[in-house]
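**Student:** Input: one structure, supplied below.
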Amino acid sequence: MFDVKLITENREEVLRSLKNRNFKDLSIVDEIERLSGRRKDLINEFEKTKALQNSRSKEMPIVMKNGTDQEKTDLKNELKLLSEQVKSYAPQLREVEDSLNELLLSIPNMLSDKTPVGKDENDNAVIRVEGEMPSFGFQPLEHFDIAKSGLDMERGVKLSGARFVVYSAEMASLERALMNYMVDSAVQNGYVEIVPPVLVNRETMTGSGQLPKFEDDAYKTTEDMFLIPTAEVSLVNLHRDEIIPVSALPFNYVAYTPCFRREAGSYGKDTRGIIRLHQFNKVELVKFTLPEKSEEELINLTQNAENILKGLGLHYRVVELCSGDIGFNAMRTYDIEVWLPGQNCFREISSCSNTGDFQARRASVRFKRDDGKKTEFVHILNGSGLAIDRCIVAILENYQQPDGSVKVPEVLKPYMGKEVITF
């Protein structure tokens with residue numbers, strides 16, 4: 001959740017961050033300040049009224065013993081009125097706090113000072129390019145023309161509708177091989193493997209920053225439960241409402257899950273193939289760390305995701321997202337984009353973000369330093385390590401052969417038990 005103190009104490013900084021994000025309704029800042037002021041006034045009024053009630057209550061035994069009938073009646077009436085006034089503050093305060101929290105939940109994270117300012121994706125900065133761009137003695141095909149017998153879109157539509165797929169035979173094996181390779185690599189880098197629920201409650205979706213903003217994009221059940229759009233949702237909430245000893249940090253988690261998104265991207269784009277699906281598979285990396293370590297951990301997280309692509313021998317680039325393209329939860333983000341020769345372009349395959357204390361505030365994940373003073377919010381980072389379906393696209397297009405077969409990357413051969421995929 002957005003920190004209300006940032007608005008009341010650093011109004012111009014907040015407005016600048018929102019403007020750089022292209023946030024539409026800047027008047028929300030004024031309303032938050034008004035509600036915050038009203039909340040403070042109500043608390044002060046309650047405390048004064050409660051103090052007067054306590055003071056007058058202490059006088060009751062003396063008045064009842066020594067006072068006149070009129071004095072007794074007047075004090076009783078006064079205490080009754082004070083009691084009603086004290087009780088009246090609770091619903092007023094609840095109403096104000098509910099309205100305030102609703103607004104705070106709708107504001108995106110503050111940007112890092114290091115996040116470049118830009119209007120949209122065209123202003124993102126390419127940080128580095130890695131690997132060799134493959135060359136072909138033939139016109140490279142797109143993935144859906146290569147794996148015609150392994151990516152069954154027609155049966156996906158029959159079973160579930162548009163933007164669903166059935167993997168079969170060697171494509172199913174490739175999906176499983178990639179999952180095992182990614183999880184094994186993460187575990188070797190010190191991540192703890194987690195198998196979390198993929199059906200979560202509203203509090204979990206809110207804690208990770210998915211609600212209320214992205215509720216229309218989520219698959220919701222009749223019991224007010226949600227299918228996760230990413231394992232980040234479950235992993236971020238593992239330590240919800242906990243105070244973590246500083247000695248236990250950092251926590252590094254990896255999880256493989258199916259992911260579900262009602263909105264699979266821009267309408268009319270990527271209608272063929274598996275670039276944009278309503279159900280897809282992903283290995284997610286999440287870190288809980290000290291605030292002073294989070295920038296360093298963002299670099300480590302990004303390198304962990306990059307190493308998967310290096311192992312697969314894929315050409316890619318790292319892009320830092322500008323203020324107008326960065327996600328709702330993030331304060332700083334690096335996207336990793338893999339080269340797809342069939343499409344003749346780079347496409348996002350991982351997004352590695354530092355959310356600072358933004359998600360930790362929503363999920364109330366805190367830690368206490370050894371000096372035993374006040375608790376602080378941890379910093380939480382997340383990244384795809386990687387999106388498996390897009391990895392399949394990249395392997396098919398980069399390792400395609402003139403005869404229509406696809407070479408298996410060296411690191412996947414032990415997992416698949418073969419060197420070539422044929423269709």
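**Student:** Using beta carbons and a limit of 8 Å, which pairs, at least six apart or on different chains, have the first residue in segment 49-76 and closer than 23 Å to TYR89 by Cβ and the second one among the small types (Gly, Ala, Ser) and open to solvent by less than 70 Å² (accessible area, probe 1.4 Å)?
**Tutor:** Correct list of pairs: GLN53/SER83; LEU75/GLY67.
**Student:** Select from segment 26-55 the residues that are open to solvent by 60 Å² or more (accessible area, probe 1.4 Å) and over 36 Å from the mean Cα position of the chain (by Cα) and write down the one among them that is nearest to LEU15 (Cα to Cα).
**Tutor:** Only one residue fits best here, namely ASN44.
**Student:** Among the helices (runs of 4 or more DSSP H) confined wholly to segment 138-228, which include 2 or more residues that are acidic (Asp, Glu)? Let's see the steps before the verdict.
**Tutor:** Details: elements: 143-146, 153-159, 169-188, 202-207.
Output list reads 169-188.
**Student:** Continuing with the same structure: So in segment 358-378, with the set limited to residues that are closer than 16 Å to MET110 by Cβ and in contact with a helix residue (DSSP H, G or I) (Cβ under 6 Å, 6 or more places away or on another chain), which one is least open to solvent (accessible area, probe 1.4 Å)?
**Tutor:** This residue is GLN359.
**Student:** I'd like the full set of residues that are of a type in the set (S, T, N, Q), over 26 Å from ALA305 (Cα atoms) and modelled with pLDDT of 95 or more, limited to segment 137-176.
**Tutor:** Initially, segment 137-176 is screened for residues of a type in the set (S, T, N, Q), giving 139, 149, 160, 168, 173.
Checking the rest, the ones that are also over 26 Å from ALA305 (Cα atoms) come to 139, 149, 160, 168.
Of everything in segment 137-176, those that are of a type in the set (S, T, N, Q), over 26 Å from ALA305 (Cα atoms) and modelled with pLDDT of 95 or more turn out to be GLN139, SER160, SER168.
**Student:** Anything in segment 142-176 that is more than 14 Å from ARG272 (Cα to Cα), open to solvent by less than 50 Å² (accessible area, probe 1.4 Å) and under 26 Å from the mean Cα position of the chain (by Cα)? List them, or say none.
**Tutor:** GLU175, the sole residue that qualifies.
**Student:** Here's a follow-up. Would segment 128-137 turn up any residue that is exposed (fewer than 13 other Cβ atoms within 10 Å of the Cβ), over 30 Å from VAL286 (Cβ atoms), in contact (Cβ under 8 Å) with a residue 60 or more places away in the chain and hydroxyl-bearing (Ser, Thr, Tyr)?
**Tutor:** no
**Student:** Regarding LEU81, is this residue out of contact with any Lys or Arg (no Cβ under 8 Å at 6 or more places or on another chain), hydrophobic (A, V, I, L, M, F, W, C) and open to solvent by 80 Å² or more (accessible area, probe 1.4 Å)? First the steps, then the outcome.
**Tutor:** Values: out of contact with any Lys or Arg (no Cβ under 8 Å at 6 or more places or on another chain): yes; hydrophobic (A, V, I, L, M, F, W, C): yes; open to solvent by 80 Å² or more (accessible area, probe 1.4 Å): yes.
For LEU81, the condition - out of contact with any Lys or Arg (no Cβ under 8 Å at 6 or more places or on another chain), hydrophobic (A, V, I, L, M, F, W, C) and open to solvent by 80 Å² or more (accessible area, probe 1.4 Å) - is met.
**Student:** Could you please give the count of residues in segment 177-223 that are over 16 Å from the mean Cα position of the chain (by Cα), of a type in the set (Asp, Glu), at pLDDT 95 or above and more than 22 Å from ALA248 (Cα to Cα)?
**Tutor:** Qualifying residue count for the region: 1.
**Student:** Only one of these conditions is not met by GLU97: (1) touching a helix residue (DSSP H, G or I) at 6+ places or on another chain (Cβ under 7 Å); (2) open to solvent by less than 50 Å² (accessible area, probe 1.4 Å); (3) within 25 Å of LEU42 (Cα to Cα). Which number is it?
**Tutor:** (2)
The values are calculated or read from the model by the stated rules, or taken from the named source; none is laboratory data. These numbers were taken from a predicted model, which means no experiment stands behind them. All Cβ positions, even for glycine, are placed from backbone atoms using ideal geometry, and neighbour counts span all protein chains on display. With ligands, DNA and RNA removed, areas are computed over all heavy atoms of the protein, side chains included. Shrake-Rupley method; radii C 1.70, N 1.55, O 1.52, S 1.80 Å.
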